[in-house]
Each structure stands twice: as C-alpha cells, then as structure tokens.
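Below is one structure, written out as structure tokens; comments come after it.
The values are calculated or read from the model by the stated rules, or taken from the named source; none is laboratory data. The shown structure was predicted, so the numbers you read here are calculated from the model rather than taken from an experiment. All Cβ positions, glycine included, derive from the backbone under ideal geometry; neighbour counts span all protein chains shown.
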Amino acid sequence: MIIRQLVYLDALAREKHFRRAAEACHVSQPTLSAAIVQLEEELGVMIVERGRRFQGFTKEGEVVLAHARRILAEAEILKDSIAELREGVGGRIRLGAIPTALPMIAHITAPFSERYPAVSLTVLSLTSQEIQHGIDNFELDVGLTYLDNEPLDRVIPKPIYQESYVLLTREDGPLGERETISWAEAAEQRLCLLTSDMQNRRIIDGIFRSVGTAPRPIIETNSIFNLCSHAGMAGVASIVSMQLLEFFGLPLGTKALPLVEPDTQRTIGLIVADRQPVAPLARNLLMMTQPVTDARLPRRLIVR
C-alpha cells in the first residue's frame, strides 16, 4: 500500500466520478483505476461498487476510506511538523464558519495572517453540521461554530464570543418607538428568519418554545444579508445577531430592538479535531486567537 493509492481513493470519494478524480490528481483515468484495483487486491476486499459509472463504495470500502483519510491527514501533519522545524510556520488552513459568525471572522484570520504571512487561509461558509462533518472527515482544519447548543463530537473547543439577538424592524413602523421587545411579542411579527437547516434558526425556535410560542416566518433564507435587507420592507422584521449589526451597521431606515424575556446568548468558538498530535497550523490558530469582547467590536450605534 502506498500513499498515492489513498490519495486517489480520497479524490474518488470527493469527485464521485473516475475521470474527474483522475483530473484532480493529474493522472490518467486508467492510472487511477489501476491503483484502486491494486489496493483492493492488496487488502483482499472490494472497495468500489462495480459498474459502468461510479456507484459508490462497498461497506468495506467505507471503512478503507475512513482509514485512508486518517492516514493522509497524519502524513500531512508529519510534513507540516517537519516543515515547521526547518522553515517556520507555513502551509494552508481550511476554516469553516457558520454564516452568523462570518462578520467576526476577520478578528481571527487577520491577526493570524499578520503573524504567519506564509500561511494561506481558505474560509468557507458552512452549516454547523457541515463543519462537524468536515472536521470528522479531515476536510477542514478548524471550525467556528456554536459550542453550547447542539452536541459536538471528538473536538477541542475554544470559546471566542457570545452571540446575542435583536429584532430588526423599520424605524417608521409600529415598533419604531420601542426600545426592547420580548420574544413572545416577536413571535407575533411577520418574520424573515434563516432556514431550518441553520443552527441559528434552531436556536431561535428553541427560545420561542421556552416562552410557549412559535414563529410563523413569511420569508426564510440561508443568507444573513437577506435577513437585513428584508427588514427594510414594510411589515417585515428579522431576528439577527447583535454582532452582525455591530460590524455592518444598521440598514437604512431600520431600528434594532434587543430581544428580552429571556435575555439570551449563545457561545461561538473555534473547534479542532481531538486527535493527537494536533495539526501544527490548527494548534497555532487555536492558541493565538483571543476571546472577542463587546469592547473590542467595531462600535456602531444600533439602538436609537
């Protein structure tokens, strides 16, 4: 068994197509196919479901793939560790962030890039479930996600900041003179909310349930920017994080009402895989990133 065979197998799992996997590995399709057949012969099991096209992996193949990804990740950590000793910190970090945390990502990436200019960062907007999957399958090095709402498995967490919530509504609307609004009252509004596959939405639904009510959104979106733009429409309000407005400011003609009864916050933080040794780049990012407090956020007037 050689590393190259495992690289081909991982590429096939990602591309789900022999030709595209071969192109991704910069080899011919017969070369990739022959390497996987050789791997099957060495292990004595069928890895790939046979057919004219890629149809998936056998049950044994799924086990082989999981171990292949672990071996490839360990090989990458080995190379990074040696390179760090010889040349200093370099390479690439893949960071997945939940959409509501994207406005805060520069607090993490900017200081890291300044300290380690030889490192390139790839930031992806992903759901919390996609981040967990990416960490589990060695597709992400670090995640920025909720820490205290849904269980996280096999990760090392580091809290970064507390997410709090406001109702964004038109300042010339019926709520324009209010200074706060309760969650129970917010449930009666015509709301624009994130879609149910987003953990932020599941958090908000849980808060509504805790006060014995449920929202009836008239608009659902997977974009935090659409939350803000729809709040400028007559008769529509959105629930957004305070941090989003702290960073981007209030959309023209809108007002932010802190949501109370209950006063609610959720912890957002970094996670890396709980594997030893921790990958050098992920370890450095986790160690140098400091918690972000309100006093350090870009200050903008949000409640008038």
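For segment 31-47, give me each residue that is aliphatic (A, V, I, L, M) and either part of a helix (DSSP H, G or I) or in contact with a Pro (Cβ under 7 Å, 6 or more places away or on another chain) (or both).
Scanning segment 31-47 gives Leu32, Ala34, Ala35, Ile36, Val37, Leu39, Leu43.
Which pairs turn up if I take residues in segment 18-37 that are within 19 Å of Glu62 (Cβ to Cβ) and look for partners that are among the β-branched types (Val, Ile, Thr) and exposed (fewer than 14 other Cβ atoms within 10 Å of the Cβ) with beta carbon separation below 9 Å, at least 6 apart in sequence or on another chain?
Close Cβ pairs (under 9 Å, with a partner that is among the β-branched types (Val, Ile, Thr) and exposed (fewer than 14 other Cβ atoms within 10 Å of the Cβ)) amount to Ala35/Ile2.
Provide a single number: the residues in segment 158-198 that are surrounded by 22 or more Cβ atoms within 10 Å (Cβ to Cβ) and of a type in the set (Gly, Ala, Ser).
1
Residues of segment 126-156 being at pLDDT below 95, touching a helix residue (DSSP H, G or I) at 6+ places or on another chain (Cβ under 6 Å) and over 24 Å from Gln276 (Cβ atoms), which ones?
Ser128, Asn149
Which one is farthest from Ser210 (Cα to Cα) among residues in segment 159-185 that are at pLDDT 95 or above and out of contact with any Leu (no Cβ under 8 Å at 6 or more places or on another chain)?
Glu185
Does Glu74 qualify as being outside the structural domain of Arg275 (by TED's automatic domain parsing), surrounded by 13 or more Cβ atoms within 10 Å (Cβ to Cβ), free of Cβ contacts under 8 Å to residues at least 60 places away in the same chain and not in a loop (DSSP other than H, G, I, E, B)?
Judged against the criteria, Glu74 is a match.
Residue-wise test of (1) over 25 Å from Leu121 (Cα atoms); (2) part of a helix (DSSP H, G or I); (3) not assigned by TED's automatic domain parsing to the domain that holds Thr180.
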residue: Leu193; (1), (2), (3): yes, no, no
residue: Phe208; (1), (2), (3): yes, yes, no
residue: Arg216; (1), (2), (3): yes, no, no
residue: Phe225; (1), (2), (3): no, yes, no
residue: Ser229; (1), (2), (3): yes, yes, no
residue: Gly232; (1), (2), (3): yes, no, no
residue: Leu257; (1), (2), (3): yes, no, no
residue: Gln276; (1), (2), (3): no, no, yes
residue: Ala282; (1), (2), (3): no, yes, yes
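What do you reckon, is Leu140 of a type in the set (A, V, I, L, M, F, W, C), part of a loop (DSSP other than H, G, I, E, B) and under 23 Å from Arg202 (Cβ atoms)?
So Leu140 passes the test.
Out of (1) aliphatic (A, V, I, L, M); (2) at pLDDT 95 or above; (3) touching a strand residue (DSSP E or B) at 6+ places or on another chain (Cβ under 7 Å), what's the single condition that is false for Leu227?
Condition not satisfied by Leu227: (2).
Please list, ordered by first then second residue, the pairs with beta carbon atoms under 9 Å, 6 or more apart or interchain, first in segment 48-59 and of a type in the set (Lys, Arg), second surrounded by 12 or more Cβ atoms within 10 Å (Cβ to Cβ) and outside any strand (DSSP E or B).
From segment 48-59, the pairs are Arg53/His17; Arg53/Phe18.
Filter segment 199-219 for residues that are out of contact with any helix residue (DSSP H, G or I) (no Cβ under 7 Å at 6 or more places or on another chain) and either buried (at least 17 other Cβ atoms within 10 Å of the Cβ) or closer than 21 Å to Gly173 by Cβ (or both); which is modelled with the lowest pLDDT?
Going through the qualifying residues, I end up with Arg216.
Looking at segment 101-129 only, could you name the residues that are crowded, with 19+ Cβ neighbours inside 10 Å, aliphatic (A, V, I, L, M) and under 17 Å from Pro159 (Cβ atoms)?
Ala101, Met104, Ile108
What single numbered condition from (1) over 21 Å from the mean Cα position of the chain (by Cα); (2) at pLDDT below 90; (3) crowded, with 21+ Cβ neighbours inside 10 Å fails to hold for Gln276?
Result: Gln276 passes all but (3).
Looking at Glu171, Glu163, can you tell me which residue is touching a residue at least 40 places away in the same chain (Cβ under 8 Å) and closer than 30 Å to Gln290 by Cα?
So the residue among Glu171, Glu163 that is touching a residue at least 40 places away in the same chain (Cβ under 8 Å) and closer than 30 Å to Gln290 by Cα is Glu163.
So how many residues does segment 10-30 have that are assigned to a helix (DSSP H, G or I), more than 28 Å from the chain's Cα centre (by Cα) and small (Gly, Ala, Ser)?
Count: 1.
Asp136 versus (1) assigned by TED's automatic domain parsing to the domain that holds Ala13; (2) under 22 Å from the mean Cα position of the chain (by Cα): which is the lone unmet condition?
(1)
So, Ile2, is that one over 22 Å from Gly134 (Cα atoms) and either modelled with pLDDT under 90 or under 30 Å from the mean Cα position of the chain (by Cα) (or both) or not?
Yes; evaluated as a whole, the condition is true for this residue.
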